[in-house]
Every structure is written in C-alpha cells, then in structure tokens.
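Enquirer: Sharing a structure with you now.
The values are calculated or read from the model by the stated rules, or taken from the named source; none is laboratory data. The structure displayed is predicted, hence computed values, not measured ones. A quick note on method: Cβ atoms are made from the backbone with ideal geometry, for glycine too, and the neighbour counts reach across all protein chains shown. Quick note on the areas: whole protein, heavy atoms, side chains included, nothing else; ligands and nucleic acids left out. Shrake-Rupley method; radii C 1.70, N 1.55, O 1.52, S 1.80 Å.
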Amino acid sequence: MDEFELIRTYFDRPIIKQSVVMGIGDDCAIVNSHSDKHWLLSIDTMVEGVHFPAQLSAEHIGSRALCAALSDLAAMGAEPEFFTLAITLPNVNNEWLQGFSKGLFSIAEAFSCPLVGGDTTRGPLCISVQVHGSVAAGKALTRKGARVGDDIYVTGVLGDGAAALACITEEMPELKSSQAYLLERFVKPEPQIELGKNLVGIASAALDISDGLVADLNHLCKASDVSGVINIEQLPISPIWKQAVSAQQAIAWALSGGDDYQLLFTAGEDKQASLAQMNMPITKIGKVIEKQNETSQVSVLLGGQTYTIDSNGYKHFD
Ligand code: ADP
Ligand code: MG
C-alpha cells in the first residue's frame, strides 16, 4: 500500500460541511471564509533523516520547513496569510533553538506570513508547519482543470532538489564546485508565490513539484482525467551542475528527483501570448493528451522515442 492508497483508504471520507469547498486531494484544502476570498490550508511535516540529513544546521532546518510548506500555497495561486508550528524536540538546546528560530522567521518575514500558534512536545526531532493562505473565491488553481491540447509548463529549473541532497550527503564529489548554489537551494527552496499568483486566471491546472516531475504530472493528469506527454529535450535542467554529472543522471534527477518546489502547470494554447508578455521564468515541456487505454498516463519522450524511467518519484510507503 503506497502513501496515496493509504490516505484514500483510511482518511479520505465524504465531507458534508458547507464551509469546505475542497478537501483531500490537492496541494491545499479550500475553505469558505464567507467573504470574497477563500482560505487555503496545507500542512507539511519534516522528519530528521527523511526530509533533511541529521547534519543540517538548525537555521537551515527552520528556513527549509517554512519554504516547503509555503510552496503548496504557491501551487494554488494563494497569498500567504499566517502559519502555525508543531515542533517535537529531543531536548531543549538554546543554541539550536536560536538558529531554528532565525531561519524560520527569515522566511516568515520575507513572505509576510506571521506565526500565530502551534504546539511544542518532546520526542525525536519533527517539525510540522501548517500554512494558511487566501485567494479570490473560486479562483484557486487546482490539479483538476487540464484539458486535452493544453501546453504543459514548469517554472525555474529542474533537478536542484535531488542534486542538492546528493551534494550535501557527499555522495557525489563531482558536485563540489556547485556546493554553494546547491546548499542555498536546499535550505531555501524558494516558494514560487509571485508566479503562482500571476498564473491565476491563466493556468488551467497547477501543482508544486515535491515528489518529482513525472510523479507530480501523474497526480495532475489523474485529477484532470487526461494524459500528458513531455519531451526531455525541453526540460530546463539546472545549468549550474548539469555538466558535472552524466546526462543520464541529470535527466533522472529532473524527471524523478523530489523537492524541486517549482510549479508545474497547464495552460491553453490561447494563453501563450499572455504568458510570454509576463516575462516569467517558465518553460514549455509538453502537451496534455487524451487518456490512453482509459487511464491517465505520463509519457516521456527523447528524440521522439519513449524514454523509460526507473523511478516513479518519492513515496514514503511502497
Ligand atoms: P503535497 O505533496 O502537495 O504536500 P501530499 O502528497 O502530501 O501533498 O498529500 C496529498 C493529499 O492528501 C493532500 O490533499 C493532503 O492534504 C492529503 N493528505 C495527506 N495525508 C493526509 C492525512 N493523514 N489525512 C488527511 N489528508 C491527508
Ligand atoms: Mg504540493
């Protein structure tokens, strides 16, 4: 049973509550605020050894935790409003807490997103951040609206998340020359809030890439009841470290490496001109097509031929 089947089986229940506009299944839940805005909610947990290596500094753990959580608001085109923090600590270490708090509030201030509550307990280090955002009622970007014929785009560059982890854990000495860049990307994976807001009214569907490009495109295709085809030649693989590793490794990280926190979105061909005018760092990587054999699928092409990948993205359970 993988993580998604587990959620479907044990947690996803019909919601009969007027205030809930949309529940489980997207990057955030959407809640009616009884004004012209909807509230968006999302929680993200980080566990030592799973989401960050034990040697990461407290300041960097703080900044990464909030950046990753805010990325789910960016995915839906929301403006960050405030957040809550649940922290489990093995002991009280003032130096550690000072660093953590510095990292956390540097991001909170950069995104005008104050901490308004939380919970503190003792146990193995674990950090949960629940972010709350807002968007004009009915305008949130969801995973659902992709239509056959739409173009598929990503923001920024791909593969940094996986390359950064390989660099930090010193698995790949060839990444040493890109160390400063990769460490910065790992500890501050900038949530694409401005881009997300700009895509409201333009993107037909969107999500943020946390599990890996192919795995997340699969989520979007399933939610939209379509299939997708992407071309490796078009992927914006990060130029900073691309030459330092084999082409196969670079492609694997761009396709299946997690934690890029870039946005993946679809938009109709009629939106091409508006997107070009906005001068945003986005790249067209493929097309939305009809479901194949009644199922939503993602095809990856290299030179027009099917490219087989050996990983389907990061999953906590398999
Ligand atoms: P993301 O990668 O965007 O943070 P996830 O893959 O973690 O999203 O979760 C997929 C969906 O399942 C989301 O809508 C999330 O809110 C929901 N979800 C995950 N875990 C649980 C849980 N324990 N109870 C209820 N909903 C959950
Ligand atoms: Mg997400």
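Enquirer: Quick check, is residue 209 open to solvent by less than 40 Å² (accessible area, probe 1.4 Å) and away from ligand 1 (no atom under 16 Å from the Cβ)? Give the derivation first.
Expert: Working: open to solvent by less than 40 Å² (accessible area, probe 1.4 Å): yes; away from ligand 1 (no atom under 16 Å from the Cβ): no.
For residue 209, the condition - open to solvent by less than 40 Å² (accessible area, probe 1.4 Å) and away from ligand 1 (no atom under 16 Å from the Cβ) - is not met.
Enquirer: Of the conditions (1) open to solvent by less than 60 Å² (accessible area, probe 1.4 Å); (2) under 22 Å from residue 223 (Cβ atoms); (3) of a type in the set (Asp, Glu), residue 12 satisfies every one except a single condition; which number is it?
Expert: Checking residue 12 against (1) open to solvent by less than 60 Å² (accessible area, probe 1.4 Å); (2) under 22 Å from residue 223 (Cβ atoms); (3) of a type in the set (Asp, Glu), the one that fails is (1).
Enquirer: In the range 289-308, which residues are part of a strand (DSSP E or B) and either out of contact with any Leu (no Cβ under 6 Å at 6 or more places or on another chain) or of a type outside the set (Val, Ile, Thr) (or both)? Full working, then the answer.
Expert: Going through the range 289-308, the residues part of a strand (DSSP E or B) turn out to be 289, 292, 295, 298-302, 305-306.
Hits for the range 289-308 are 289, 292, 295, 299, 300, 301, 302, 305, 306.
Enquirer: Hey, another quick one. Identify, by number, the condition in (1) open to solvent by less than 20 Å² (accessible area, probe 1.4 Å); (2) without any contact (Cβ under 8 Å) to a residue 60 or more places away in the chain that residue 129 doesn't meet.
Expert: Of (1) open to solvent by less than 20 Å² (accessible area, probe 1.4 Å); (2) without any contact (Cβ under 8 Å) to a residue 60 or more places away in the chain, only one is false for residue 129: (2).
Enquirer: Could you identify the single residue in 85, 70 that is assigned to a helix (DSSP H, G or I), at pLDDT 95 or above, in contact with a strand residue (DSSP E or B) (Cβ under 6 Å, 6 or more places away or on another chain) and among the hydrophobic types (A, V, I, L, M, F, W, C)? Can you show your working first?
Expert: Working: 85 fails: assigned to a helix (DSSP H, G or I).
After ruling out the rest, the residue left standing is 70.
Enquirer: Could you tell me whether residue 222 is open to solvent by 10 Å² or more (accessible area, probe 1.4 Å) and more than 16 Å from ligand 1 (Cβ to nearest atom)?
Expert: Values: open to solvent by 10 Å² or more (accessible area, probe 1.4 Å): yes; more than 16 Å from ligand 1 (Cβ to nearest atom): no.
Against the criterion (open to solvent by 10 Å² or more (accessible area, probe 1.4 Å) and more than 16 Å from ligand 1 (Cβ to nearest atom)), residue 222 does not qualify.
Enquirer: Return the total of residues in the range 15-38 being near ligand 1 (Cβ under 9 Å from one of its atoms), touching a residue at least 40 places away in the same chain (Cβ under 8 Å) and surrounded by fewer than 17 Cβ atoms within 10 Å (Cβ to Cβ).
Expert: 1
Enquirer: In the range 91-136, which residue that is part of a loop (DSSP other than H, G, I, E, B) and aliphatic (A, V, I, L, M) is nearest to the chain's Cα centre (by Cα)? Explain how you work it out, then say what you get.
Expert: Initial filter on the range 91-136 (part of a loop (DSSP other than H, G, I, E, B)): 91-93, 111-114, 123-125.
Adding the requirement that they be aliphatic (A, V, I, L, M) leaves 92, 125.
On the way: 92: 31, 125: 22 Å.
Among them, the one singled out is 125.
Enquirer: Among the residues in the range 39-56, are any surrounded by 13 or more Cβ atoms within 10 Å (Cβ to Cβ), farther than 18 Å from residue 191 by Cβ, more than 12 Å from ligand 1 (Cβ to nearest atom) and free of Cβ contacts under 8 Å to residues at least 60 places away in the same chain?
Expert: Kept after step one, since they are surrounded by 13 or more Cβ atoms within 10 Å (Cβ to Cβ), are these residues of the range 39-56: 39-48, 51-53, 56.
Those left that are additionally farther than 18 Å from residue 191 by Cβ: 47-48, 53, 56.
Now restrict to residues that are more than 12 Å from ligand 1 (Cβ to nearest atom): 47-48, 53, 56.
After this cut, where a residue has to be free of Cβ contacts under 8 Å to residues at least 60 places away in the same chain as well, the list is none.
No - not one qualifying residue is present in the range 39-56.
Enquirer: Can you tell me which of (1) within 16 Å of ligand 2 (Cβ to nearest atom); (2) open to solvent by 60 Å² or more (accessible area, probe 1.4 Å) is the one residue 66 doesn't meet?
Expert: (2)
This table checks each residue for (1) farther than 27 Å from residue 305 by Cα; (2) within 15 Å of ligand 2 (Cβ to nearest atom).
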| residue | (1), (2) |
| --- | --- |
| 197 | yes, no |
| 200 | yes, no |
| 207 | no, yes |
| 213 | no, yes |
| 217 | no, yes |
| 220 | no, yes |
| 227 | no, no |
| 230 | no, no |
| 234 | no, no |
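Enquirer: Go through the residues of the range 79-91 one by one and say whether even a single one is touching a Pro at 6+ places or on another chain (Cβ under 8 Å), away from ligand 2 (no atom under 16 Å from the Cβ) and over 17 Å from residue 125 (Cα atoms).
Expert: yes
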